[in-house]
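J.: To start, I am sharing the structure in question, which I have written as structure tokens.
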Amino acid sequence: MEGSTEKYYSLGDVKRLAGAFLKKLVRRWWLLVLVVIAGAGLGAFYYQSIQKSKYEAVCTFILEEKQTSMGGLSSLASQFGFDLGGTGGGSLFAGDNIFDVIRSKKVLQKVLLMPLGNAAESPTLADAYMDFTGFRNRFRKNPALLNMHFSGKEETLSPVQDSVLGLIYESIIEKNLSVDRTNKKGSIVRIGVTAENSLFAKLLAERLVSEASSLYLTIKTGSAIANINQLQRRSDSLLSLLNRKAYTAAFSQSLDANPGLKTAAVPVEIATRDKAVIATIYTEVTKNLEASKLMLAQQTPVIQLLDKPGQTLKDQKKGLLYLLFVGGALAGFLFIFTEAARFVLANI
């Protein structure tokens, strides 16, 4: 642009400006020291008054899936109208679905409604969370909500309690709960709960593993167990019917039957035939029942708890010396940066 000139600085000019700034900074060393001390003081204040305790409870478990093909056994059972299952297909807990189940509202809310202790009047985990996090203070203007407490039964929750429990669930998912694998290619699942209350963190982590495992086994083996129960009822019914037919066949045999009456042997023949048919069906149903029990045992997954939190958890909050150093260093850096910016603007 006409009338405008660009100003260039040589390396010597840069060295001269840097030296001048350092001399100025040395002359004001006392101010830098005061700023560093103030920053360290802020770090100490954060440690003493602002920073909250941070306890982390970690549980790890391994999930071993058992995949067994039924083959001809499944075809045999299907002839009698039964599905033994397990012939393939995807697993509900395949891949990362296990993470979503552990974080699900169904599992987490059920755990939150469990009591902290064994006493009947013991507060629930949801009550404890509202107390130590200050969550209850949100309802200072509403005494009814401020004094809210949860029972251990989900079906007794009022609509308001259900809404508050939903807010607690969202808060825990966002701030307190982490679920991942210890190794991206492994099958060991890690559940971590971070909270200001060590007992809450420990119980929530342990009970999440227990509840998720129970739900998994129920879903995974529920169909097979239902089939076994159905086969058991059929087997018991056939056995009772077989016993009755055995008595009927015995009673139908006449010791002094008239040889001239050809029809005298018909009831015995019918009873014997029915007995043989029922015995054959009973044998096949019993075979399928025992086979189903065997396949259930072979296909039931194994959930093995590897590590669980100890009786006491270590507080993970930042130490005093660390905060003193970080506060002082950050304050000193900001002071030097600000002074450098002012010096450069004044000399350009």
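The values are calculated or read from the model by the stated rules, or taken from the named source; none is laboratory data. Quick caveat, the model's predicted, so the values are computed rather than measured. Neighbour counts run over all protein chains shown; Cβ positions are idealised from the backbone, glycine included.
J.: For the stretch 148-170, indicate whether the set of residues that are among the basic types (Lys, Arg), on the phi < 0 side of the Ramachandran plot and surrounded by fewer than 13 Cβ atoms within 10 Å (Cβ to Cβ) is non-empty.
T.: Scanning the stretch 148-170, I find at least one residue that is among the basic types (Lys, Arg), on the phi < 0 side of the Ramachandran plot and surrounded by fewer than 13 Cβ atoms within 10 Å (Cβ to Cβ), so the answer is yes.
J.: Among the residues of the stretch 188-240, how many are among the hydrophobic types (A, V, I, L, M, F, W, C), touching a residue at least 12 places away in the same chain (Cβ under 8 Å), farther than 19 Å from LEU125 by Cα and not in a strand (DSSP E or B)? I'd like the intermediate steps shown before the answer.
T.: Step one: of the stretch 188-240, the residues among the hydrophobic types (A, V, I, L, M, F, W, C) are 188-189, 191, 193, 195, 199-201, 203-205, 208-209, 212, 215, 217, 219, 224-226, 228, 231, 238-239.
If we keep only those that are touching a residue at least 12 places away in the same chain (Cβ under 8 Å) as well, we get 188-189, 191, 193, 195, 199-201, 203-205, 208-209, 212, 215, 217, 219, 224-225, 228, 231, 238-239.
This time we only want the ones that are farther than 19 Å from LEU125 by Cα, so: 188-189, 215, 217, 219, 224-225, 228, 231, 238-239.
Now drop any that are not not in a strand (DSSP E or B), which leaves 215, 217, 219, 224-225, 228, 231, 238-239.
Residues flagged as among the hydrophobic types (A, V, I, L, M, F, W, C), touching a residue at least 12 places away in the same chain (Cβ under 8 Å), farther than 19 Å from LEU125 by Cα and not in a strand (DSSP E or B) within the stretch 188-240 amount to 9.
J.: Next question. Would you point out which residue out of LYS175, LYS202 is modelled with pLDDT of 85 or more, of a type outside the set (Gly, Ala, Ser) and surrounded by fewer than 18 Cβ atoms within 10 Å (Cβ to Cβ)?
T.: LYS175
J.: Out of ASN243, ASN258, ASN288, report the one residue that is loosely packed, with under 15 Cβ neighbours inside 10 Å and at pLDDT 70 or above. Give the steps one after another, and end with the answer.
T.: Values: ASN258 fails: at pLDDT 70 or above; ASN288 fails: loosely packed, with under 15 Cβ neighbours inside 10 Å.
Just a single option satisfies the conditions, and that option is ASN243.
J.: If you don't mind, there's one more thing I want to ask. Answer with yes or no whether VAL266 is at pLDDT below 75 and farther than 30 Å from LEU203 by Cα. Step through it out loud before you land on a result.
T.: On the way: at pLDDT below 75: yes; farther than 30 Å from LEU203 by Cα: yes.
Spelling it out, VAL266 is indeed at pLDDT below 75 and farther than 30 Å from LEU203 by Cα.
J.: So which residues in the stretch 94-126 are in a helix (DSSP H, G or I) and in contact with a Pro (Cβ under 9 Å, 6 or more places away or on another chain)?
T.: LEU125 - this is the single residue of the stretch 94-126 that is in a helix (DSSP H, G or I) and in contact with a Pro (Cβ under 9 Å, 6 or more places away or on another chain).
J.: Condition test on GLN67, is it closer than 30 Å to SER210 by Cβ and modelled with pLDDT under 80?
T.: Values: closer than 30 Å to SER210 by Cβ: yes; modelled with pLDDT under 80: yes.
Against the criterion (closer than 30 Å to SER210 by Cβ and modelled with pLDDT under 80), GLN67 qualifies.
J.: Here are the criteria: (1) without any contact (Cβ under 8 Å) to a residue 12 or more places away in the chain; (2) among the small types (Gly, Ala, Ser); (3) not in a helix (DSSP H, G or I). Tell me which single one SER163 does not satisfy.
T.: Of the numbered conditions (1) without any contact (Cβ under 8 Å) to a residue 12 or more places away in the chain; (2) among the small types (Gly, Ala, Ser); (3) not in a helix (DSSP H, G or I), the odd one out for SER163 is (3).
J.: Can you pull out the residues in the stretch 323-348 that are touching a Phe, Trp or Tyr at 6+ places or on another chain (Cβ under 9 Å) and surrounded by 10 or more Cβ atoms within 10 Å (Cβ to Cβ)?
T.: Those that are touching a Phe, Trp or Tyr at 6+ places or on another chain (Cβ under 9 Å) and surrounded by 10 or more Cβ atoms within 10 Å (Cβ to Cβ): LEU323, LEU324, GLY327, GLU339, ALA340, PHE343, VAL344, ASN347.
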